[in-house]
1. When ligands, DNA and RNA are left out and all protein chains stay put, how many square angstrom of accessible area per residue does region 191-238 have with a 1.4 Å probe?
2. Expressed as a whole number of Å, what is the distance separating the alpha-carbon centroids of region 150-209 and region 109-123?
3. Using a 1.4 angstrom probe on heavy atoms only, work out the carbon and sulfur share of the accessible area of region 71-221 in %.
4. Can you tell me which of 188-198, 53-63, 13-23 comes out highest on packing, and rank the rest after it, using the mean Cβ neighbours within 10 Å?
5. Measuring from the lowest to the highest alpha carbon on each principal axis, how far does the chain reach, largest first, in angstroms?
6. Once Lys and Arg get +1 and Asp and Glu get -1 on their Cβ, which of S51, G160, G73 lies farthest toward the positive end of the dipole of the chain?
7. Using the heavy atoms of the protein chains alone and a 1.4 angstrom probe, what is the accessible area of region 1-154 per residue in square angstrom?
8. May I ask you to order 233-243, 104-114 by the average number of other C-beta atoms within 10 Å around their residues, highest value first?
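The values are calculated or read from the model by the stated rules, or taken from the named source; none is laboratory data. Computed from a predicted model, the values in this text were never measured in an experiment. All Cβ positions, glycine included, derive from the backbone under ideal geometry; neighbour counts span all protein chains shown. What goes into the accessible areas is simple: the full protein's heavy atoms, side chains included, and nothing from ligands, DNA or RNA. Shrake-Rupley method; radii C 1.70, N 1.55, O 1.52, S 1.80 Å.
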Amino acid sequence: PYFFYVMGEGRWMSADRWPPAEARKVGFFLDSGGHANTAGGDGKLAAEPPSADADGFDELVYDPKEPVPTVGGPICCTGNPADRAGPLDQRIVEARQDVLVYTSAPLERGLRIVGPVSARLNVSTSARDTDFVAKLVDVHPDGRALAVQEGALRLRYRNGLTSPHLAEPGAIYDVVLDMRATALYLPPGHRLRLQVSSSNFPRLERNLNTGGRNYDETAGVVARNRVHHGPTIASSLEVYVVD
């Protein structure tokens with residue numbers, strides 16, 4: 001029933017179900033010293049949960065007037081020929097303070113990701129509503145950071161589209177960002193990266209953070225958004241791996 005092409009490996013594979021029966025779910029845990037902003041920060045992806053003495057967090061300041069620009073990905077039909085789709089280099093985005101970047105160590109062995117991808121995050125905000133956007137990125141040895149997949153969640157819909165609830169400022173919510181699926185092989189020396197922000201414009205509508213209807217509002221609110229991680233409140237990137 002499933003016939004798929006593994007990017008980075010140049011091979012076709014087949015499976016009787018999705019994800020494939022031989023795929024195993026693997027979590028890569030977010031960790032930092034509290035400064036995961038930009039690719040030059042201290043954000044890490046690790047195979048084991050953080051062993052710090054206490055839980056920590058990283059904070060980004062999201063201003064609807066200055067959203068993170070869309071660079072590649074599934075963008076279409078904006079009317080601007082400069083807006084290109086596909087796996088474009090993310091380094092210009094990852095230089096922004098309102099983008100959190102978590103990167104693994106260089107892979108010692110190849111990693112074949114086949115199946116659904118998701119980001120399970122413990123988040124909080126100073127606003128009544130905001131967005132969280134996650135990108136899966138393949139970092140090449142030469143530094144290129146190519147986008148692979150992405151997903152987003154408007155926090156009021158954390159319990160589903162039919163059950164919207166505004167956020168309590170400062171409260172921590174365990175949310176899952178569906179990043180759809182992929183089939184990708186990362187050779188030894190490559191690094192796996194998760195990018196977290198609160199906007200991706202113009203592909204996604206900006207959340208004005210007011211808790212209002214958004215579509216008929218003009219004034220926004222700056223939100224201080226946090227991603228929490230640690231030994232008791234883990235956040236992770238979840239993928240399926242075929243050995």
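1. The answer is 43 Å² per residue.
2. Each part's Cα centre sits 13 Å from the other's.
3. Percent of accessible area from carbon and sulfur atoms in region 71-221: 52.
4. 188-198, 53-63, 13-23
5. Dimensions of the chain along the principal axes of its Cα atoms: 50, 50, 37 Å.
6. Positive-most Cα among the choices belongs to G73.
7. 49
8. Sorting 233-243, 104-114 by mean packing, highest first, produces 233-243, 104-114.
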